[in-house]
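The values are calculated or read from the model by the stated rules, or taken from the named source; none is laboratory data. This structure is a prediction, so every number in the text was calculated from the model and none was measured. All Cβ positions, glycine included, derive from the backbone under ideal geometry; neighbour counts span all protein chains shown. With ligands, DNA and RNA removed, areas are computed over all heavy atoms of the protein, side chains included. Shrake-Rupley method; radii C 1.70, N 1.55, O 1.52, S 1.80 Å.
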Amino acid sequence: MKEQNKKMELLGNTPIPKALLSLGLPTMVGMLINALYNLADTYFVGGLGTDQMGAVTVAFPLGQIIVGLGLLFGNGAAAYLSRLLGRNDEDTANKVASTALYSSIMIGTAIIICSVIFLRPILEQTGALESVMPYAMTYARIYITFSIFNVFNVTMNNIVSSEGGAKTAMCALMAGAVLNVVLDPVFIYVLDLGVAGAAIATAISQIVSTLVYLCYIFREKSVFKFHIRDCSFTKEIMSEILKIGIPTLIFQLLTSMSISMINNAAKEYGRSALAAMGPVTKIMSMGTLIVFGFLKGFQPIAGFSYGAKKFDRLHEAIKISILWSTIFCVIFGLVAAVFPTQIMSLFTKGDTEMIHVGAAALRANGLSFILFGFYTVYSFLFLVMGKAKEGCILGACRQGICFVPVIWLLPMVWGLNGVLYAQPAADVLAAVVALLMALKLHRKMTAEGLHMGSH
């Protein structure tokens with residue numbers, strides 16, 4: 001009980017900078033390590049050859065869709081759970097947590113079975129060339145089958161973060177990530193399993209993360225109780241989960257679709273161009289995951305403050321989150337933009353075309369990434385306040401509403417450069433939309449007398 005009171009104190013009364021660091025830093029470290037283990041597969045597989053790198057590149061979007069199921073229920077529940085904790089409604093919170101966890105497992109299992117049955121046509125859609133397909137089938141069959149553990153992990157990560165248990169979320173992610181980095185070279189090279197070895201290493205790592213969360217549940221460290229009998233599919237609970245979860249899932253599906261569209265556009269320029277997109281995507285997703293990880297700390301504070309009507313606290317959390325996330329985005333973006341050739345050289349045994357194409361893409365993506373922190377704070381804020389429509393529009397902007405027209409048009413007029421600059425162009429457009437929506441939100445809050453000021 002003492003631990004639970006500490007969590008409530010952290011969400012409701014601890015000074016914002018300290019609360020953001022306490023909740024955001026462990027998740028950020030966990031997400032960074034999670035991103036590193038995505039990169040580990042790419043790095044170690046890069047030593048096998050260009051087609052093997054292409055296999056990991058085309059399997060990645062499908063993995064992102066399956067992770068989206070964990071986010072559908074985990075993130076959907078998290079925003080609601082932090083508001084329920086702010087209102088001291090423990091009974092409903094237990095029902096929401098249980099419903100989210102068991103629903104994600106059931107639906108995740110069904111989607112994974114369908115994905116494995118239709119694996120070849122799916123990989124064709126995500127950009128697999130004929131020379132890449134045998135490796136892609138081998139890798140994806142194992143990777144996708146075992147991703148049910150990842151669905152569980154992503155759901156639990158969000159639920160645990162919503163109650164202020166960021167250190168547990170970090171430990172679960174770290175345990176899997178560190179193990180994956182250790183196992184990758186063993187399975188790929190020592191045991192000579194090639195791309196299958198990379199998939200097996202990832203599967204084992206995800207199982208270990210699951211075990212960390214199961215210990216957390218069975219040792220009753222959580223504020224919530226997870227019982228099948230508490231699953232409640234009432235209209236109120238499901239609508240609260242889904243109104244945040246569906247925009248998050250749409251965001252994830254759009255992420256997957258955008259990666260597939262870039263892969264398909266790049267493969268027209270050969271296997272080296274396709275292979276180059278893998279490291280670029282993983283490196284930039286490392287940056288986005290770190291920002292998401294930090295803002296996982298912002299999310300429960302914002303939800304709790306909004307639920308408890310502590311509007312000055314909410315305003316302070318928004319300001320500090322924008323400042324800190326933007327400082328990180330500037331540093332990360334400039335490193336990618338200044339050293340793109342050196343970074344890309346790590347992922348191939350000397351494919352100069354792959355390095356040249358990847359470096360150009362990395363430079364452009366690095367510069368546009370500077371806007372990502374501001375954009376993401378408001379994407380999270382609308383969702384955590386229960387403003388699903390605005391959250392859905394903003395969440396869909398960067399890799400959907402703005403990206404789809406750009407990836408169709410730019411390559412037609414600018415060739416391969418159009419493929420490489422599509423995401424940066426969409427980033428700039430999405431940041432403009434976020435700015436306009438943020439100004440409108442703050443004007444409305446001021447008019448309603450919520451004293452949140454305008455940013």
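Structure summary
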read-out	value
For TYR43, net neighbour charge (Lys/Arg +1, Asp/Glu -1) across residues whose Cβ lies under 15 Å away	-1
Under the Karplus curve 6.51 cos²θ - 1.76 cosθ + 1.60, θ = phi - 60°, whole-Hz ³J(HN,Hα) for the range 372-380, x wherever Gly or Pro sits	5, x, 4, 4, 6, 4, 6, 4, 5
For the range 7-116, size of Cβ-based charge dipole, Lys and Arg +1, Asp and Glu -1, in debye	260
The chain - percent relative contact order, Cα under 8 Å, separation 6 or more	24
Global geometry of the range 1-159, whether rounded, prolate or oblate, following the gyration tensor of its Cα atoms and the 1.5 cut on a/c	oblate
On Cα atoms only, tilt of 166-185 relative to the major axis of the chain in degrees	10
Straight-distance crosslink candidates among lysines, where the alpha carbon sits under 25 Å from LYS18 and sequence neighbours closer than 8 are dropped	LYS2, LYS6, LYS7, LYS167, LYS221, LYS296, LYS309, LYS310, LYS319
Computed accessible area, SER162, all protein chains, 1.4 angstrom probe, square angstrom	0
Cα point-scatterer Debye curve for the range 188-253, base-10 log of I(q)/I(0) at q = 0.14, 0.18 Å⁻¹	-0.77, -0.94
Karplus-derived HN-Hα couplings along the range 409-426 (A = 6.51, B = -1.76, C = 1.60, θ = phi - 60°), whole Hz, x at Gly and Pro	7, 4, x, 5, 9, 9, x, 4, 4, x, 5, 5, 9, 4, 5, x, 4, 5
Heavy atoms of LYS310: accessible area, 1.4 Å probe, square angstrom to 10	70
Rg over Rh, two decimals, the range 235-321 (C-alpha only, Kirkwood Rh)	1.16
Positive-end residue of LEU72, ILE241, GLY54, charge dipole of the chain with Cβ unit charges	ILE241
Whole-number accessible area per residue in Å² for the range 16-163, which is evaluated in the context of all protein chains at 1.4 Å	31
Computed over the range 149-244, the ratio Rg/Rh where both radii use C-alpha atoms and Rh is Kirkwood	1.11
P(r), alpha carbons of the range 163-308 - 5 Å bins starting at zero, rounded %	2, 7, 9, 13, 18, 19, 13, 9, 6, 3, 1, 0
Fraction of the pair-distance distribution of the range 317-455 above 24 Å, Cα-Cα pairs, percent	41
Summed side-chain charge close to GLU316 - residues other than GLU316 whose Cβ falls under 15 Å, Lys, Arg +1, Asp, Glu -1	+4
Surface share of carbon and sulfur [accessible, 1.4 angstrom probe, percent] for the range 103-218	78
Compactness of the range 286-334 as Cα Rg over 2.2 N^0.38 Å, two decimals	1.25
Span per principal axis, largest first, for the Cα atoms of the chain (Å)	57, 45, 36
With DNA, RNA and ligands ignored, accessible area of THR352 (1.4 Å probe; Å², nearest 10)	110
Rounded to whole Hz, the Karplus (6.51, -1.76, 1.60) HN-Hα couplings of the range 296-308, x for glycine and proline	5, x, 5, 4, x, 5, 5, x, 5, 5, 5, x, 8
Cα-centred dipole magnitude for the chain, charges only on beta-carbon of K, R (+1) and D, E (-1), debye, nearest 20	1100
